Amino acid sequence: MKKQITLTVNGVKRELFVASNELLLNVLRDHLELTGAKYGCGIGECGSCTVLLDGEPILACLTLAMAVDGSDVVTIEGISGSDGRLHPVQESFLNHGAVQCGFCTPGLILTGKALLDENPQPTEGEIREYIRGNLCRCTGYTQIVKAIKDSSVKGKA
Amino acid sequence: MINSHILSQEFEFVEPHTIGEAVKWMAAYRGNAKFMAGGTDLLVRMKMGRARPEAIINLSKIPALRYLIIEPGLRIGVLTTFRQIERNGFIQKRYTALHEAAKAVTSIQIKTMGTLGGNLCHGSPAADSAPPLIAFGAEVRMIEGDKERTIPLEAFFSGPGQTLLTRKELMVEIQVPEPKANTGSAFVKLGRVSADLAKVSVAVVIEREEDFCRDCKMVMGSVAEIPLRTKGAERILMGRKFKEDLVEKASLQVSEEIKPINDMRSTAWYRKEVSKILVRDAINLAWKRAV
């Protein structure tokens, strides 16, 4: 069973033909060649497939493409400015060296962005609680938490 | 061969806009379809080969299942997400244990996607929403064809991954009575890390009258085949003057009453030991809040 769906991905409207068993992550990675969102565990434990669906962080590996017909999706490829300038959270990850292998990074940056969108001045505790579903197996979180904190309004002041 | 990166089989996909259409679709598939709410449990089960539905009936386009009404008491449409529960100030104040359970769900992504209805219907003894809802005396309303029934949530679970829902039945609403004045509650969960399922969880609801515990409900998660009400421990506190040694006695009683298993998350022995501490903490928290 195939069906046409419309997704707005990183601000661009896309019409796609998808099968019933296609996941949003398959569509992003295989149809649209947006490979920022990663396939980690596939069962909702690691957060590396996190994308923003209508502004909220969700797991693209547990989302049927057909079920999100008409939605707005933002991936890591879509948060930098149109002039190519990095998003403040991306910039801050670079400044803090909050990346080692990089596999968790897109998910962590998007989750960090979602947090700052709803709470521009989170405490360290709030940051750690919000990103607890995004696993990083190399850098040990310290730099990641600092990077998110530094890119918050408070961090800049 | 299991590959969690794909859903290996195609299926039919339908999106009803009303409850009536949804149950008609289920009848048309003779119960061989699955209702999908947030999808976070169903799609994992399908990836693991534990569910092979002929069709998925996506509920997310049914506005009549997405509401949270405070009236007194709560009426919760099954599509209400953990995130919505967590962010509701009234629930945090009056149904603190339910707020804490929503907060304790593994991750922000699962809280955003996962629904209360899906959590209950999955039938897991580790379902975070079950202990507080049972402790608050919740009932669930279910529909099949033109028949409808409402049953206490306490009676809803029948085994690991099993509930009283028939294959064609749809849960539509969770009803929670208004807690009496001077009621306090708490939910305490222990996982290996905070982004994990529970090794043990407990919800306690206490109604206080000055120094006396007038009423007490205590429900444990991940310690038996179903979310378990520990009535023996409740009776130790009920109608008595609240004292430290009674709390101690109740927590020891709980570890006698539960029937935990060894599994990948913990051992039965550890669950019994640590339950004493969790129960003690939850009782003391609920008592302090009951003012």
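Mind checking the mean number of beta-carbon atoms from other chains within 10 Å of the Cβ atoms in B:111-121?
Mean partner shielding for this stretch: 2.
Count neighbours as other Cβ atoms within 10 Å of each site's Cβ, and list the GluC sites (Glu not before Pro) in segment A:1-75 that are DSSP loop with at most 12 such neighbours. Intermediate values should be presented prior to the final figure.
Details: sites: A:GLU15, A:GLU22, A:GLU33, A:GLU45; in loops: A:GLU22, A:GLU33, A:GLU45.
Sparse-neighbourhood loop GluC sites (Glu not before Pro): A:GLU33.
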Magnitude of the charge dipole, the protein assembly as shown, Cβ model with Lys/Arg +1 and Asp/Glu -1, debye to 20: 760
For chain A: lysine pairs with Cα atoms under 18 Å, gap of 8 or more or different chains, count? 8
Once phi for every residue in segment B:234-248 is put through the Karplus expression 6.51 cos²θ - 1.76 cosθ + 1.60 (θ = phi - 60°), the whole-Hz ³J(HN,Hα) values, with Gly and Pro written as x, are 4, 5, 5, 8, 5, x, 9, 5, 6, 9, 4, 5, 6, 4, 4
Which trypsin sites (Lys or Arg not before Pro) in segment B:229-271 sit in a loop by DSSP (not H, G, I, E or B) and have at most 15 other Cβ atoms within 10 Å of their own Cβ? B:LYS243
5 Å is the cut-off here: which amide hydrogens, built 1.01 Å from N in the peptide plane, fall below it relative to B:GLY161, excluding neighbours closer than 5 in sequence? B:SER124
Taking amide H positions as placed in the peptide plane 1.01 Å from N, state which residues far from B:ARG214 in sequence (5 or more) or on other chains have amide H under 5 Å from it. B:GLU207, B:ARG208, B:GLU209, B:GLY239
Give me a comma-separated list of calculated 3J(HN,Hα) values for segment B:103-110, in order, Karplus coefficients 6.51, -1.76, 1.60 applied at θ = phi - 60°, integers in Hz, x for any Gly or Pro. 5, 7, 4, 2, 8, 4, 5, 5
Distance between modelled label sites at B:LYS241 and B:ASP211, nm, 7 Å Cα→Cβ extension: 0.4
HN-Hα J in Hz across segment B:251-256 - Karplus 6.51, -1.76, 1.60, θ = phi - 60°, x for Gly and Pro: 6, 5, 4, 4, 5, 6
Among B:ILE6, B:ILE226, B:ILE62, whose Cα sits farthest toward the positive end of the charge dipole of chain B (+1 at Cβ of Lys/Arg, -1 at Cβ of Asp/Glu, about the Cα centre)? B:ILE6
For A:VAL9, the residues 5 or more places away or on another chain with a placed amide H closer than 5 Å to its own amide H are A:ARG14, A:VAL73
Net charge dipole size for segment A:2-78 [Lys, Arg +1 and Asp, Glu -1 on Cβ; Debye, nearest 20]: 180
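A short reminder: the numbers here are calculations on the coordinates, not readings from a lab. What you are looking at is a predicted structure, and each value in this text was computed from that prediction instead of being measured. Cβ: placed from backbone, ideal geometry, glycine included. Neighbour counts: every protein chain shown.
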